[in-house]
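Right, one structure below, let's go through it.
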Amino acid sequence: TACAKIIEKGAEWFRGHDTAKSAGTKLFSISGDVENPGVYEFELGLTLKQLLQKAGADVEEVKAVQLAGASGYTASADEMNRKLAYEDLSPGGGSVIVFNKGRDMLEVAENFMEFFCEESCGHCTPCRLGNPTLLAGIEAMIEGICPMSYVKELEELAEVMQYSCKCGLGQASPNIFLAVTKKFRDEIISR
């Protein structure tokens, strides 16, 4: 691991494996639609595409990559050349979930929102009422009965939640909703 190598080889060696603002290596826990899921240690600064190739993902078939868990950042296929570094595409805690083109991103969002509804403590109104409202909107989109005007209202609700919820869960839970409605809008419109 990085700590043992730093002790063995020194800080200067460690600094040599990085980008200008992201020093050293990071552990990545890669799962989902990859040939070789597992925990990997890579130098910061590699591209998302390089990371996925090392885990055996067919990069041409990747639709999205969820970074830093369910409340993290959803990268679309056109972001494969972004660098995993704090000055570009933050790796967060190192969680990486890969979704191929066969995945329905609305179903992914539904799964994540069900989790957030369960995990909300209910203390603040935006989270207590906002998460179930976003979940109901996703379910309506899946059924094809959600007009785009209502999707726009739900996006506004999600943005309000990001600024008005009291804790990190409520502030980050709308991330997947916004990512799906903005980056995968064609999946909504096609229904």
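The values are calculated or read from the model by the stated rules, or taken from the named source; none is laboratory data. The model shown is predicted, which means the values in this text are computed figures rather than measured ones. Quick reminder, even Gly has a Cβ in these numbers, built from the backbone with ideal geometry, and neighbours come from all protein chains shown. Accessible surface areas use protein heavy atoms only, side chains included; no ligands, DNA or RNA. Shrake-Rupley method; radii C 1.70, N 1.55, O 1.52, S 1.80 Å.
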> Which of (1) more than 23 Å from Asp88 (Cβ to Cβ); (2) modelled with pLDDT of 95 or more; (3) open to solvent by less than 40 Å² (accessible area, probe 1.4 Å) does Thr47 not meet, given it meets every other one?
Replying inline: (1)
>> Any residue in segment 113-138 that is in contact (Cβ under 8 Å) with a residue 12 or more places away in the chain sitting within a Cβ distance under 7 Å of a residue that is open to solvent by 40 Å² or more (accessible area, probe 1.4 Å) and not in a helix (DSSP H, G or I)? List the pairs, counting only those 6 or more apart or interchain.
In response: His123/Lys166; Cys124/Lys166
> Of (1) under 19 Å from Asp104 (Cα atoms); (2) part of a strand (DSSP E or B); (3) over 14 Å from the mean Cα position of the chain (by Cα), Lys63 satisfies all except one. Which?
Replying inline: (3)
> How many residues, within segment 58-97, are open to solvent by less than 10 Å² (accessible area, probe 1.4 Å), hydrophobic (A, V, I, L, M, F, W, C) and touching a residue at least 40 places away in the same chain (Cβ under 8 Å)?
Replying inline: 5
>> Within segment 17-28, does at least one residue satisfy the condition of being surrounded by 18 or more Cβ atoms within 10 Å (Cβ to Cβ) and at pLDDT 95 or above?
In response: yes
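Do we have Ala172 as within 21 Å of the chain's Cα centre (by Cα), closer than 23 Å to Val65 by Cβ, small (Gly, Ala, Ser) and open to solvent by 10 Å² or more (accessible area, probe 1.4 Å) here? First the steps, then the outcome.
Working: within 21 Å of the chain's Cα centre (by Cα): yes; closer than 23 Å to Val65 by Cβ: yes; small (Gly, Ala, Ser): yes; open to solvent by 10 Å² or more (accessible area, probe 1.4 Å): yes.
Yes; evaluated as a whole, the condition is true for this residue.
Right, Ile138: in contact with a helix residue (DSSP H, G or I) (Cβ under 6 Å, 6 or more places away or on another chain), of a type in the set (Val, Ile, Thr) and open to solvent by less than 30 Å² (accessible area, probe 1.4 Å) or not? Walk me through how you get there before you give the answer.
Working: in contact with a helix residue (DSSP H, G or I) (Cβ under 6 Å, 6 or more places away or on another chain): yes; of a type in the set (Val, Ile, Thr): yes; open to solvent by less than 30 Å² (accessible area, probe 1.4 Å): yes.
Yes, satisfied.
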> Can you tell me which residues in segment 107-165 are more than 13 Å from Phe177 (Cα to Cα) and acidic (Asp, Glu)?
Replying inline: Glu118, Glu119, Glu143
> Failed condition for Ala85, given (1) touching an Asp or Glu at 6+ places or on another chain (Cβ under 9 Å); (2) at pLDDT 95 or above; (3) over 24 Å from Thr181 (Cβ atoms), with all others met?
Replying inline: (2)
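If a residue has to be touching a Leu at 6+ places or on another chain (Cβ under 8 Å) and over 22 Å from Glu114 (Cα atoms) to count, how many in segment 55-78 make the cut? Step through it out loud before you land on a result.
Applying the first criterion (touching a Leu at 6+ places or on another chain (Cβ under 8 Å)) to segment 55-78 yields 59, 62, 65, 67, 71, 73-75.
Filter once more, so that each one left must be over 22 Å from Glu114 (Cα atoms): 59, 62.
Number of matching residues: 2.
Can Phe28 be described as of a type in the set (Phe, Trp, Tyr), in a strand (DSSP E or B) and within 30 Å of Arg185 (Cα to Cα)?
Details: of a type in the set (Phe, Trp, Tyr): yes; in a strand (DSSP E or B): yes; within 30 Å of Arg185 (Cα to Cα): yes.
Criteria met by Phe28.
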